[in-house]
Amino acid sequence: MWRWGLARCGALGDAVTPDPQDPDVWRVRWSDGATLPDDLELLAANVRAEHGGRLDVLFAHDTPAPAPGMVTDISRGPLDIHAASATSRALVADAVKLTQPQMVLHRIWGDASRDQITQRTEAIGLAASGRSRSRALLTLSDPPRAEYP
């Protein structure tokens, strides 16, 4: 957790995804760094202690929920990877409920997305490197804004 200007920021963990470079083996990339319930508890405790229980921006690798119409390769993967990925998304969704950020900035599945996931929170997904909308310019005002260059 940190302040960036006046914005209260926090970050939560990593993601479990199949390795798109090796679909026959379906290695799990980043599984040893996957977000755990302990990570969520630590984030929530720190946000309560330092920021009064609320964030302005939550940075996460995984999305709090699949965007409508999102096509993912995970649906073709083994069930254990699918389950681990769903657990990771659920933890990010719980972090949104606990910290009530105005914005969640994430990067997973390689497609850019922009969705209002709660009355207060917009989830902004960045595309994979080298693709359109893989970067965003953040303006940390009230509310924070993200624009694709």
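The values are calculated or read from the model by the stated rules, or taken from the named source; none is laboratory data. Every value quoted in this text rests on a predicted model; they were computed, and no experiment measured them. Cβ placement follows ideal geometry from the backbone for every residue including glycine, while neighbour counts extend to all protein chains displayed. When the accessible area is computed, the model is the full protein with side chains, heavy atoms only, and any ligands, DNA or RNA have been set aside. Shrake-Rupley method; radii C 1.70, N 1.55, O 1.52, S 1.80 Å.
What the table below lists for this structure:
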quantity	calculated
Those strands (runs of 3 or more DSSP E) lying entirely in the range 108-149 with at least 2 residues open to solvent by 30 Å² or more (accessible area, probe 1.4 Å) and either in contact with a helix residue (DSSP H, G or I) (Cβ under 9 Å, 6 or more places away or on another chain) or of a type outside the set (Phe, Trp, Tyr) (or both)	113-116, 137-139, 145-147
Val104 in contact with a helix residue (DSSP H, G or I) (Cβ under 9 Å, 6 or more places away or on another chain), at pLDDT 85 or above and either open to solvent by less than 40 Å² (accessible area, probe 1.4 Å) or in a helix (DSSP H, G or I) (or both)	yes
Meets criteria (touching a residue at least 40 places away in the same chain (Cβ under 8 Å), out of contact with any Ser or Thr (no Cβ under 7 Å at 6 or more places or on another chain), open to solvent by less than 60 Å² (accessible area, probe 1.4 Å) and under 12 Å from Asp56 (Cα atoms)) for Thr99	yes
